[in-house]
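Reviewing the structure listed below.
Quick note: the coordinates plus some simple rules give every number you see, no bench work behind them. What you are looking at is a predicted structure, and each value in this text was computed from that prediction instead of being measured. Heads up, the Cβs are rebuilt from the backbone with ideal geometry, glycines too, and the neighbour counts pull from every protein chain shown.
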Amino acid sequence: MCCSGSSSSSSSSSNNSNNSCSSSVGTSVVLAVSAYNICVKRALMALRGLHVVEMAGLAPAPFCGMILADFGATVMRVDKIQGDLEFDCLANGKKSLAVDAKHPKGVEIIRRICKKSDVLIEPFRKGVMEKLGLGPDILLEDNPRLVYARLTGFGQYGKYSNMAGHDINFIAVSGLLSILGRKTEKPTAPVNLLGDFAGGGLLCALGIMMALFERSTSGCGQVVDANMVEGSAYLGSWIFRSQKHPYWGKPRGENILDIGSHFYDTYETKDGKFMAVGALEPQFYSKLLHGLGFSDEEVPQMENFEAHQELFTKRFKEHTQQEWCEIFDGTDACVTPVLSMNDVSRHPHNAERNSFVTYADDDVPVPAAAPRLSRTPPSTKATEPRSQHGQHTVEILIDNDYTVQEIQQLEREGVIAINRSKL
């Protein structure tokens with residue numbers, strides 16, 4: 001595909017001599033080279049050759065697809081006819097097929113594509129895919145090697161499996177929300193990171209990779225039942241198993257690791273910013289006290305948490321965040337600045353590691369792909385322009401043996417939508 005694009009650009013250049021055509025050819029060459037570079041980069045990535053179908057959804061499932069794409073998989077989104085990719089900030093680097101999944105011919109298109117795919121990710125409530133005629137029984141019969149990943153809030157069965165919900169509901173049922181927050185406050189949800197993305201999208205990607213690994217020996221696909229309640233709870237395995245450990249045992253906000261201690265908390269600085277303190281071990285705690293100007297005898301570590309928090313609060317307000325950084329940087333006091341999302345890319349540590357890149361759509365810093373692999377490193381697709389709705393409909397259908405005449409008929413019948421702005 002990349003080579004043919006380059007060849008057509010050269011041919012066009014030889015046949016057109018006027019300035020406007022030359023400009024067009026130049027643009028074509030640039031696009032062809034860019035596409036070639038993307039193909040070469042993807043060819044060196046861990047998931048190269050993996051074909052993923054992602055049923056369009058919000059947040060958790062797109063994040064799962066994003067992870068696979070960042071590690072080299074070709075991810076194709078199945079978008080609604082009237083869909084809008086502007087609302088999916090995780091769609092960069094994915095192909096867009098706009099199709100009516102409720103139309104029999106639309107269902108046939110998706111089934112045909114899944115016959116040649118490795119993975120399907122679906123984010124719908126229990127039973128939706130079955131009603132569409134796209135349930136696992138059908139698709140795994142069509143393609144026994146398919147890994148069919150289902151990502152829901154409450155799972156495929158159970159009392160709550162038919163209920164609507166969001167991250168805060170899922171982590172509430174997981175048990176984790178009950179331990180988050182200060183003792184004088186109600187439980188506090190950590191935005192929608194824990195359920196949607198960590199327990200949901202990330203754990204779903206892990207399940208997919210395990211199913212693919214097993215397929216390499218059995219030759220068979222299977223269903224991955226990923227849900228945010230169990231995924232979030234699983235992330236909390238250490239906390240669940242250590243309830244009788246000295247770290248815990250007290251009400252929310254009064255334990256060592258839930259900001260109940262003075263040496264594991266955040267503190268406001270003179271300029272209204274914050275520093276994070278995590279000096280758990282005695283040797284690190286001693287260095288923390290030294291930086292703050294206290295002696296070990298003045299502020300014993302395991303006593304009077306509340307009084308010592310007040311002491312630290314007053315001391316941290318005596319200097320700006322930058323001044324505290326100058327005191328603690330390079331030490332083992334376990335004190336770091338709380339960086340804003342706009343500042344992270346400029347921090348010396350992050351800048352040295354290129355931990356953040358510039359988002360193609362909004363010119364803001366976004367995380368690079370992680371973790372890093374030494375031989376087949378990932379590459380975030382956030383630096384690539386977001387696909388237009390239906391941009392790849394024709395390409396995908398042709399790749400799946402539809403003729404031009406069939407595609408035209410499908411468009412006339414309203415089964416598919418084609419975005420011609422990129423044609």
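Observations
- Computing FRET efficiency as 1/(1 + (r/R0)^6) for Arg375 and Val344, where r is the C-beta to C-beta distance and R0 is 22 Å, gives about 0.20.
- Alpha-carbon centroid distance for the pair the range 154-233 / the range 54-105, whole angstrom: 20 Å
- In terms of distances greater than 25 angstrom between alpha carbons, the cross-link table entries Lys273/Lys314; Lys95/Lys116; Lys244/Lys314; Lys186/Lys250 yield Lys244/Lys314.
- Cα shape, the range 50-119, gyration tensor, a/c 1.5 rule: oblate
- Anisotropy class of the range 244-328 from Cα gyration tensor, a/c 1.5 cut: prolate
- Taken along the Cα-to-beta-carbon direction at a fixed 7 Å, the label points for Glu185 and Ser161 span 3.7 nm.
- Counting only DSSP beta bridges whose two residues both lie in the chain, roughly 40 percent are antiparallel.
- Available extension along the chain between Lys105 and Glu318 is 69.8 nm, counting 0.36 nm per residue and deducting the alpha carbon span.
- Each label point was placed 7 Å from the Cα along the Cα-to-Cβ direction; for Asp271 and Asp401 their separation is 6.5 nm.
- Selection from Phe154, Val394, Pro190, by position along the positive dipole direction of the chain (Cβ): Val394
- The mean of 1/r over all distinct Cα pairs in the range 303-423, once inverted, gives the Kirkwood hydrodynamic radius of 19.9 Å.
- Panel values: the chain, Kirkwood radius from alpha carbon pairs, Stokes-Einstein at 10 °C and 1.306 mPa s, translational diffusion coefficient 64 µm²/s.
- Here the dipole of the chain is about 1140 debye; that uses its Cα centre as origin and unit charges on the Cβ of Lys and Arg (positive) and Asp and Glu (negative).
- Rounded Å value of the spacing that divides the Cα centres of the range 282-308 and the range 336-373: 33 Å
- Adding -39500 (n - 2.57) for every DSSP H run of four residues or longer, then dividing by how many residues the chain holds, sets the calculated 222 nm ellipticity at -11500 deg cm²/dmol.
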